Amino acid sequence: MALENDQSESVNFTLLKHMLKHQQYYSMLDYIHIYKEWSNDRIEGLLELGHAYKHTDLKTINLIAPRLQLDFLTQPGKLEQRVYSSAQSLAIKIELREYDDYLRALTPLLVDVLRLVLEATVLPDLDRYLCEVIKETSDGNPLYRGLQWNEPLIEAKSNLIKSTWKHYYGDFFNYDHYVSSSHLVKLITDHVKNPQILEIADQMRKIEKYARNIVAHESVYVNDDWLKERVGMEAKQIHQLLVNLINLAGLTSAKQWQSMVIIDNEIEKELKNSYIKMTK
């Protein structure tokens, strides 16, 4: 009987490690709720945290991480947290060759990264020039709709944003448009001096324009050949370019870049401890 139990737990251990390898955190939670001998408060918290980090759920990260002695996850600012989390989540899509989902998720991350580039170089107070838009639904409920440019502040006096709009749009910049990577790249092109930033920002914008936009609106099968034809790069090259831009924006913490690895290592440690206890 003891041998049968050991074999059963060995199978469970193997299955749980396989799910962990693919960051299937909620599947693991469901599994240990069935096989309760594998469950404890710490591993459940770690699995919730892993899922939250993979999906950039900052509210859950900031709530759970301190309880698990992983406070470092809460140390970056909100925008930096989003970028570290989203970039590592996109790396998983690259490994799984989910290139279509990768491209669809690229734009919101790129907007955040370009904002950080501007803050780190020529516009440290960029947030002053952005405003959250709340609009009512057809049912009369207020709903956050996105970020727009702060027209009264920008138009009040001379500033580099106003001069950029004049350069590209004349007197007809549409302040009803939401903040886009196109707007941010124009600001970078006109005012940032670092040639490496200029080159990568331009390349990322072209990737968005020629690859991401069509995938966002049509059902398209994406592989490395398709990407090379459209933008001259394979998926891993695109992701490395993105990581390079993030580093140039000042996000260079080795520990933050290892966040998902650290969480997974903590989960694996809990699994090993449980397995050892059950097979003694």
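The values are calculated or read from the model by the stated rules, or taken from the named source; none is laboratory data. The structure presented is a predicted model; accordingly, all values stated were derived computationally and were not measured. In this analysis, Cβ positions are derived from the backbone assuming ideal geometry, glycine residues included, and neighbour counts consider all displayed protein chains. These accessible areas exclude ligands, DNA and RNA; they are computed on the full protein's heavy atoms, side chains included. Shrake-Rupley method; radii C 1.70, N 1.55, O 1.52, S 1.80 Å.
List the pairs whose first member sits in region 39-55 and is under 20 Å from LYS93 (Cβ atoms), whose second member is in a loop (DSSP other than H, G, I, E, B) and open to solvent by 40 Å² or more (accessible area, probe 1.4 Å), and whose Cβ atoms are under 8 Å apart, counting only residues at least 6 apart or on separate chains?
From residues that are under 20 Å from LYS93 (Cβ atoms), the pairs are HIS51/ASP57.
Just give me the residues in region 90-103 being within 13 Å of the chain's Cα centre (by Cα), without any contact (Cβ under 8 Å) to a residue 60 or more places away in the chain and under 23 Å from THR252 (Cβ atoms), in sequence order.
Of everything in region 90-103, just one residue is within 13 Å of the chain's Cα centre (by Cα), without any contact (Cβ under 8 Å) to a residue 60 or more places away in the chain and under 23 Å from THR252 (Cβ atoms), namely LYS93.
Name the single residue that is farthest from the chain's Cα centre (by Cα) among those in region 176-191 being closer than 12 Å to LEU147 by Cα and either open to solvent by 30 Å² or more (accessible area, probe 1.4 Å) or modelled with pLDDT under 95 (or both).
Within region 176-191, the match that is farthest from the chain's Cα centre (by Cα) is ASP176.
When you check ILE238 against the structure, is it crowded, with 17+ Cβ neighbours inside 10 Å and among the β-branched types (Val, Ile, Thr), yes or no? Before you say what the answer is, go through the steps one by one.
Details: crowded, with 17+ Cβ neighbours inside 10 Å: yes; among the β-branched types (Val, Ile, Thr): yes.
Criteria met by ILE238.
Taking MET233 as the residue in question, decide whether it is of a type in the set (A, V, I, L, M) and more than 20 Å from the chain's Cα centre (by Cα). Let's see the steps before the verdict.
Numbers: of a type in the set (A, V, I, L, M): yes; more than 20 Å from the chain's Cα centre (by Cα): yes.
When the stated conditions are applied, MET233 passes them.
Which residues, counting only those in region 251-271, are out of contact with any Lys or Arg (no Cβ under 9 Å at 6 or more places or on another chain) and open to solvent by 50 Å² or more (accessible area, probe 1.4 Å)?
Within region 251-271, THR252, ALA254, LYS255, TRP257, GLN258, VAL261, ASN265, LYS269 meet the criteria.
Counting residues that are closer than 30 Å to HIS33 by Cβ and without any contact (Cβ under 8 Å) to a residue 24 or more places away in the chain, which helices (runs of 4 or more DSSP H) fully inside region 172-280 reach at least 3? Step through it out loud before you land on a result.
Numbers: elements: 181-191, 195-207, 213-217, 224-231, 235-248, 254-257, 259-278.
Output list reads 259-278.
Identify the residue in region 152-163 that is open to solvent by less than 90 Å² (accessible area, probe 1.4 Å), not basic (Lys, Arg) and not in a loop (DSSP other than H, G, I, E, B) and, among all such residues, is farthest from PRO108 (Cα to Cα).
Restricting attention to region 152-163, the residues satisfying the condition of being open to solvent by less than 90 Å² (accessible area, probe 1.4 Å) are 153-156, 159-163.
With not basic (Lys, Arg) added as a condition, the list becomes 153-156, 159-161, 163.
When the remaining residues are screened for being not in a loop (DSSP other than H, G, I, E, B), the result is 153-156, 160-161, 163.
Details: LEU153: 24, ILE154: 23, GLU155: 26, ALA156: 29, LEU160: 23, ILE161: 21, SER163: 25 Å.
Looking at residues that are open to solvent by less than 90 Å² (accessible area, probe 1.4 Å), not basic (Lys, Arg) and not in a loop (DSSP other than H, G, I, E, B), I get ALA156.
Conditions (1) under 19 Å from the mean Cα position of the chain (by Cα); (2) among the basic types (Lys, Arg); (3) open to solvent by 50 Å² or more (accessible area, probe 1.4 Å); (4) over 12 Å from LEU110 (Cβ atoms), marked per residue:
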{"residue": "LYS193", "(1), (2), (3), (4)": "no, yes, yes, yes"}
{"residue": "GLU199", "(1), (2), (3), (4)": "no, no, yes, yes"}
{"residue": "ILE207", "(1), (2), (3), (4)": "yes, no, no, no"}
{"residue": "VAL215", "(1), (2), (3), (4)": "yes, no, no, yes"}
{"residue": "SER219", "(1), (2), (3), (4)": "no, no, yes, yes"}
